[in-house]
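Some notes on the structure that comes next.
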Amino acid sequence: MSHAVIWIVGLSALGVVVVRRRSVAIALVGLQSLVLGAQAISQAAGASTVLLVAGIVLVAKAIALPALLAAVVSRTREPGRMASERHPLARLTVALAVALAVVALMPDIGLAQVAVEHTAVGLVALGIAIAVVRRPAVFQALGFLVVENGIYLAALAAPKGFPVFIELGLVFDLVVVVSVAGAFSAKIHEEFGTGDTSLLGDLRD
Amino acid sequence: MSPPATLCAAGAVLVACGLVGSLAGRTRWALLLEALGMAMIGAAGAAVLFGAAAVGAQFGRGFSPAFGIDRLSGFFLFILGVVAVPALGWARGALADTPGARMTAGARMTAALTGAFCLSLVGLVMARDVTTFLGFWELMTLLPAALILIGRHDEPARRDVFAYLAITHLGGVGVWVSMLVLADHGALAGVPLHGDGLRGLVAIAAIIGFCTKAGAVPLHSWLPRAHPLAPAQISGLMSGVMIKVALYGLIRVLFEWDGPTPLWVGLTLLGLGVLSALGGVLYALFQNELKRLLAFSSIENVGIILLGLGASLVFAAIGRPQWSAIAFAAALLHVLNHAIFKALLFLGAGSFAAQVGGLGLDGLGGLLRRMPWTGAAFMVGAAAIAGVPPLNGFISEWMILQSLLHLSLFGRFGVSLVAAASAAALGATAALAVFCFVKVIGLVLLGPPRTTRADAAREAGVGMRWPLVLLASLCLLLGIIPGVLVPTLERLHHHTGLLSVHAGVDLPGTGGLPALPLALALTLLTVTLWRSSRNGRAEPTPAWTCGQATVPALAWTSAGFTKPLRILLENVLRPTRDLTIVHSESGVIQELRYEADVPHLFDSLIYEPVTTAALRMAGRIRRLQSGSLRTYLVYLLGLLMVLLALVQLGVLT
């Protein structure tokens with residue numbers, strides 16, 4: 001796997017932590033999924049079933065789901081910058097610290113390239129960190145997508161790959177989760193006039 | 001397929017048909033089918049118990065479902081048949097007596113769940129693998145809760161059912177731990193467990209788990225709450241069989257899979273037995289509601305059975321296999337006896353409740369004259385549970401007492417001391433049980449009726465009478481010829497074939513108990529006394545009551561009868577009293593209200609502090625529950641990093 005792919009997926013995840021606009025973050029995750037999908041298709045050349053599954057995954061993650069989230073964003077315009085959001089540098093520091101700590105602590109999982117292994121583990125940690133440090137509801141779904149992309153990257157680098165049924169199952173889960181998250185995001189915006197999830201804490205009994 | 005296997009399978013099919021039939025609305029026919037099915041299953045169990053070859057699978061290592069009947073299972077299936085047939089027959093009779101109730105959804109669902117409850121007990125006793133055992137164990141716990149909630153929707157009942165489920169499930173952890181450890185090490189298939197620590201863990205877990213379900217003190221708090229709430233036939237099955245099936249599990253673990261156990265296990269059972277027997281009977285004495293009194297009496301009898309089982313384990317540990325087998329047989333005989341007379345008493349109480357509308361002891365009275373068949377059968381049951389000869393309760397209690405006396409002779413000083421104390425406790429229990437059931441007979445059956453509804457009570461229909469008469473006859477039969485059964489029960493122990501079959505019980509070194517001559521002599525004495533009292537009949541005269549008119553309100557009350565004992569044990573029982581002047585004129589009291597209660601100390605001293613502490617802890621833990629997805633993700637990340645750090649440090653490798 002080329003270093004360009006590794007750098008693109010890593011930097012796009014960090015970009016999601018930093019950028020202000022939700023549409024830009026969606027585009028970054030879409031780009032990440034697109035690069036990984038293209039890599040999967042290039043690796044699957046010659047095997048028709050694997051190629052088909054890689055195509056389905058690419059369409060779902062790089063086109064359908066970002067389009068769905070973009071539709072949600074366009075329907076739920078934020079009035080301004082969220083007051084509860086931390087400074088981008090603070091968010092980046094926390095997310096990087098978490099990702100580096102998990103990469104450092106994770107034992108060897110047996111992938112062919114060490115750099116890919118570290119990036120995959122880092123993406124999973126970054127995905128969770130995105131959901132933690134970003135307040136808008138759409139970012140929770142984007143964090144989940146980044147986690148899944150980390151697992152997908154590990155699958156691409158695994159010596160025998162993942163069984164196609166597992167990949168299809170993961171995509172199905174992803175579609176369900178992101179659709180539900182998108183619907184909830186729209187509903188939260190409808191109720192509160194903003195997608196700031198920190199407001200939901202007051203709903204607890 | 002051998003005849004017992006065919007009989008058992010056909011019986012199970014009949015019960016299942018009854019279950020479906022009751023849902024379809026044919027409730028009385030369904031109960032008949034269920035009773036027939038349980039009779040066939042009981043007969044199959046009896047066949048294996050009395051010598052037919054074992055049926056089906058043996059206990060194995062696997063987790064796939066397997067069923068079978070060996071002699072111990074046969075004995076418990078026999079008990080189940082003996083109790084379930086009259087209980088289902090009584091339920092059918094009760095429906096016949098109240099035509100409007102026959103087609104109600106509650107009656108249909110009760111009949112269906114009763115069949116399911118019986119099948120869950122059968123499944124548990126016949127289970128030959130850990131999965132099936134634990135599956136039916138949970139089903140056996142949940143079905144009575146559903147049965148209670150069909151009939152009772154009120155808040156106190158729901159709270160009591162919750163307490164029942166909470167306590168039995170917390171205790172049930174012990175059952176799961178012991179069974180899974182035994183299965184994991186292949187002990188169910190006969191591979192002995194290695195290591196004193198592991199064997200001790202299994203023994204402790206089994207004692208906690210099975211004794212909670214059996215209602216042993218101090219794990220009993222659910223029993224007096226749940227048993228009185230259920231319909232009479234379910235109370236009979238719960239008290240008669242369900243708690244015995246828990247003892248079946250305890251016997252399997254301590255006598256087979258985890259045996260031979262060290263001395264402390266037997267001594268622990270003796271301690272629990274003393275606590276349960278004395279605690280149960282003491283609290284039974286001060287109850288003012290008949291079914292609640294009977295529930296506490298079940299705790300007492302579980303204590304007596306535990307004394308027998310504990311004595312058997314101690315005898316085995318000190319190298320006295322012969323007496324170990326005798327104590328074991330005595331405990332099993334009491335299991336059967338208690339199942340019979342407790343089912344009889346609960347069904348009798350159900351018949352009284354159907355006529356009088358309630359079971360408050362101070363609202364009954366005079367029922368022997370108004371309900372002669374039911375009353376006489378109930379009286380036989382009460383005498384049997386009080387351990388009065390020549391009935392069955394006396395025989396098994398006598399055998400357990402003999403075992404404890406011999407244990408005090410054979411054991412080392414410490415063991416002798418514990419055995420002597422246990423024997424003394426059993427003696428005190430027997431005396432208090434007589435006191436308790438004299439109160440029951442006096443307040444329920446004898447004297448004038450205390451309420452108009454008790455005065456208007458009429459004998460129950462034949463359908464509700466025959467089960468009581470059958471069970472009362474069994475009390476008498478097992479009291480007269482216990483020796484027919486005792487050698488068979490003794491052979492269920494590893495050390496076999498010491499006692500021979502004859503009417504009485506002949507224990508080594510005791511001179512034996514000639515049950516049949518004793519019964520004849522007592523019958524002769526009773527007839528003679530009865531005839532002589534008829535000849536010299538006294539003129540009925542009102543009692544002298546300081547010049548007042550003799551009214552029912554001046555009769556003995558439940559609280560009044562037990563007051564001497566309450567005063568004697570005031571420091572232990574800590575009774576509460578409340579005297580309020582309701583009305584007075586010119587300083588002269590015209591009316592006052594007196595309320596006395598004996599609070600359940602185990603609830604206030606053990607369960608309430610534990611519950612309060614648990615709720616306080618839960619309140620603190622609840623602060624972690626912020627409701628924010630991001631906070632939960634932080635927990636997730638923290639846990640992940642801690643686990644990874646532990647892996648790096650080599651703790652989790």
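We did not get these values from a lab; they are worked out from the coordinates using the rules stated. A quick note: this is a predicted structure, and the numbers were derived from the prediction, not measured. Don't worry about glycine lacking a Cβ; one is built from the backbone with ideal geometry, like all the others, and counts go over all protein chains shown.
Where a ≥ b ≥ c are the square roots of the eigenvalues of the C-alpha gyration tensor, would you call chain B rounded, which needs a/c under 1.5, or, failing that, prolate if a/b is larger than b/c, or oblate? The shape class here is rounded. The calculated FRET efficiency for B:ASP97 paired with B:ALA146, based on their beta-carbon distance and R0 = 30 Å, is about 0.75. Name the residues of segment B:557-582 whose amide N is less than 17 Å from a point 7 angstrom out from the Cα of B:SER604 along the C-beta direction? Within reach of a label on B:SER604, which here means backbone N under 17 Å from a point 7 Å along Cα→Cβ, segment B:557-582 contributes B:566-579. The charge dipole of segment B:254-375, taken about its Cα centre with unit charges on the Cβ atoms of Lys, Arg (+1), Asp and Glu (-1) only, comes to about 360 debye.
For segment B:436-484 versus segment B:184-256, the spacing of their alpha-carbon centroids is 30 Å. Residues within the reach of a label modelled at B:THR131 (point 7 angstrom out along Cα to beta-carbon, backbone nitrogen below 15 Å), restricted to segment B:160-186, are B:180, B:183-184. Once you have a ≥ b ≥ c as the square roots of the Cα gyration tensor eigenvalues for segment A:36-187, tell me rounded if a/c is under 1.5, and otherwise prolate or oblate according to whether a/b is larger than b/c. It is oblate, given that a/c is not under 1.5 and a/b is not larger than b/c. If only the Cβ of Lys and Arg carry +1 and only the Cβ of Asp and Glu carry -1, the dipole of chain B around its Cα centre is close to 680 debye. Most tightly packed first, judged by the mean number of other beta-carbon atoms within 10 Å of their residues, the peptides A:37-46, B:135-144 read B:135-144, A:37-46. For B:GLY56, the residues whose modelled amide H falls within less than 5 Å of its own, excluding neighbours fewer than 5 places apart on the same chain, are B:ILE69. Charge dipole of the protein assembly as shown (Cα centre as origin; +1 on each Lys and Arg Cβ, -1 on each Asp and Glu Cβ, all else neutral): 820 debye, rounded to the nearest 20. Label-to-label distance for B:ASP455 and B:SER64 is 7.0 nm, based on points extended 7 Å past Cα in the beta-carbon direction.
Where only DSSP H runs of four or more residues are counted, chain B gives -22500 deg cm²/dmol as its mean residue ellipticity at 222 nm, each run worth -39500 (n - 2.57). Using a cut-off of 19 Å between Cα atoms, the listed pairs B:LYS244/B:LYS342; A:LYS61/A:LYS187; B:LYS213/B:LYS244; B:LYS291/B:LYS563; B:LYS342/B:LYS439; B:LYS342/B:LYS563 include A:LYS61/A:LYS187; B:LYS291/B:LYS563; B:LYS342/B:LYS563 as exceeding that distance.
At an R0 of 45 angstrom, the distance between the Cβ atoms of B:SER532 and B:LEU615 translates into a FRET efficiency of 0.10. Fully extending the segment from B:VAL642 to B:VAL20, taken as 0.36 nm per residue of separation minus the present Cα-Cα distance, adds 218.6 nm. Length gained on full extension, B:LEU522 to B:ASP184, computed as 0.36 nm times the residue gap minus the Cα-Cα distance: 116.2 nm. Loop-resident trypsin sites (Lys or Arg not before Pro) (DSSP state other than H, G, I, E or B) in segment B:552-653 with no more than 11 further Cβ atoms inside 10 Å of their Cβ: B:ARG623.
When the Cα positions of B:LEU19, B:GLN648, B:ILE251 are compared along the charge dipole of the protein assembly as shown, B:LEU19 comes out farthest toward the positive end, with charges on each C-beta of Lys, Arg, Asp and Glu. Projected label points at B:TRP556 and A:SER74, each 7 Å from Cα along the beta carbon direction, are separated by 9.1 nanometres.
In this simple spin-label model, placing a label point 7 Å from the Cα along the Cα-to-Cβ direction at both A:LEU51 and A:VAL19 gives a separation of 3.2 nm. Residue ranges B:233-245, B:155-167, B:113-125 sort as B:233-245, B:113-125, B:155-167 when ordered by packing (mean number of other C-beta atoms within 10 Å per residue, highest first). For B:ALA549 and B:LEU409, the FRET efficiency from 1/(1 + (r/R0)^6), where r spans their Cβ atoms and R0 equals 56 Å, is about 0.45. Per-residue 3J(HN,Hα) values for segment B:26-32, derived from phi via the Karplus relation 6.51 cos²θ - 1.76 cosθ + 1.60 with θ = phi - 60°, read 8, 5, 5, 5, 5, 5, 5 Hz in sequence order (x marks Gly and Pro).
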